[in-house]
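Engineer: Have a look at the structure that comes next, please.
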Amino acid sequence: MDPTDAGVRFRWVATALFGAIALGGAIDLALDQPATLWSFHILFEAGMLVLSLGAVAFLWLGWQGADRTLERTRLALEARGAERDGWRARAEKLLRGLGEEIDRQFREWGLTPVERETALLLLKGFGHKEIAALQDKSERTVRQHSVAVYRKSGLSGRAQLSAFFLEDLLLPDLEA
């Protein structure tokens with residue numbers, strides 16, 4: 001069930017209930033045929049009638065305000081979505097280029113396809129156990145691939161591997 005359908009249904013049911021209370025109060029007042037308009041009974045029923053009609057008006061005004069707020073929120077969310085999509089497109093282009101350069105460097109070091117995959121997962125921060133699970137290999141095999149990556153690259157470990165690719169990565173103009 002669509003939540004907006006349930007909300008609309010609730011609005012109409014609540015309006016109908018308060019309307020029925022107001023109508024019942026008006027009918028009761030008319031059937032009482034009071035001798036005076038200033039008796040407690042008449043004033044009480046008139047107050048209940050006004051209260052019921054006021055509740056209907058209050059609820060409808062609140063629902064209209066909620067609808068306006070919801071619409072503004074939807075528009076803001078769409079704008080953020082467009083902003084996010086633009087950022088993703090720009091980032092994907094840059095990351096694709098970075099990924100290609102990382103792969104080019106891996107090939108330059110003479111890494112095999114499995115070693116390149118292991119090296120990339122090491123760069124992403126995965127541990128040997130996690131890489132073993134992802135590659136469906138033993139942890140020992142992953143460690144051997146890691147050692148081969150470090151030996152072929154001339155680097156001493158994961159920290160130097162990460163630093164090799166990220167050391168010169170700078171944020172543009174930190175003062176702005």
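Read the figures in this text as sums done on the coordinates, not as results from a lab. What you are looking at is a predicted structure, and each value in this text was computed from that prediction instead of being measured. Every residue, glycine as well, gets a Cβ built from its backbone with ideal geometry; the counts of neighbours run over all protein chains shown.
Engineer: Using the Cα centre as the reference, give the magnitude of the dipole from point charges on the C-beta atoms of the chain (Lys, Arg: +1; Asp, Glu: -1; all else neutral), rounded to the nearest 20 debye. Don't skip to the end; give the middle numbers.
Structural biologist: Values: 22 positive and 24 negative charges, 192 e Å.
Using Cβ point charges on Lys, Arg, Asp and Glu, the chain gives about 920 debye.
Engineer: While we're looking at this one, here's another question. Mean residue ellipticity at 222 nm from the helices of the chain, using -39,500 (n - 2.57) per DSSP H segment of n ≥ 4 over the full residue count, to the nearest 500 deg cm²/dmol?
Structural biologist: Numbers: 6 runs with 142 residues, N = 176.
Helix-only estimate at 222 nm: -28500 deg cm²/dmol.
Engineer: Say the dipole of the range 39-176 comes from +1 at the beta carbon of Lys and Arg and -1 at that of Asp and Glu; which of Thr69, Gln105, Ser146 then lies farthest toward its positive end?
Structural biologist: Ranked along the dipole, the leading option is Ser146.
Engineer: In addition: Could you let me know the centre-to-centre spacing of the range 19-36 and the range 76-117, using Cα atoms, in angstrom?
Structural biologist: Result: 73 Å between the Cα centres.
Engineer: Still on this model: Just going by the charge dipole of the chain, with Lys and Arg at +1 and Asp and Glu at -1 on Cβ, which of Gly7, His41, Gly81 is farthest out on the positive end?
Structural biologist: Sorting the options by dipole projection puts first Gly81.
Engineer: Helix 113-123 versus the longest principal axis of the chain: what is the Cα-based angle in degrees, 0 to 90, to the nearest 10?
Structural biologist: For 113-123 against the chain, the angle is about 60 degrees.
Engineer: Where in the range 30-89 are there chymotrypsin sites (Phe, Trp or Tyr not before Pro) that are in a DSSP coil and have at most 13 other Cβ atoms within 10 angstrom of their Cβ? Spell out each step's value before the answer.
Structural biologist: On the way: sites: Trp38, Phe40, Phe44, Phe58, Trp60, Trp63, Trp87; in loops: Trp38.
Passing sites in the range 30-89 are Trp38.
Engineer: What dipole magnitude, in Debye to the nearest 20, does the range 109-167 give about its Cα centre under +1 on Lys/Arg Cβ and -1 on Asp/Glu Cβ? Can you show the working numbers first?
Structural biologist: On the way: 9 positive and 6 negative charges, 31 e Å.
Dipole of the range 109-167, to the nearest 20 debye: 160 debye.
Engineer: Mind checking the angle between helix 3-32 and the chain's longest principal axis? C-alpha axes, 0 to 90 degrees, to the nearest 10.
Structural biologist: 10 degrees
Engineer: Return the single residue from His128, His145, His41 with maximal mean-square fluctuation; model: Gaussian network over the chain, springs between Cα atoms under 10 Å.
Structural biologist: So, out of His128, His145, His41, the one fluctuating most is His41.
Engineer: Between the helical axis of 40-108 and the dominant principal axis of the chain, each derived from Cα atoms, what acute angle in degrees is found, rounded to the nearest 10?
Structural biologist: 10 degrees
Engineer: Work out, step by step, the length gained on full extension between Ala159 and Leu61: first 0.36 nm times the residue separation, then minus their alpha carbon distance; give nm to one decimal. Walk me through the numbers on the way to the answer.
Structural biologist: On the way: separation 98, 0.36 × 98 = 35.28 nm, distance 6.10 nm.
Between Ala159 and Leu61, full extension yields an extra 29.2 nm.
Engineer: Read through the labelled values (i) 0.95; (ii) 0.99; (iii) 1.50 and report the label of the one computed as Rg/Rh (Cα atoms, Kirkwood Rh) from the structure.
Structural biologist: (iii)
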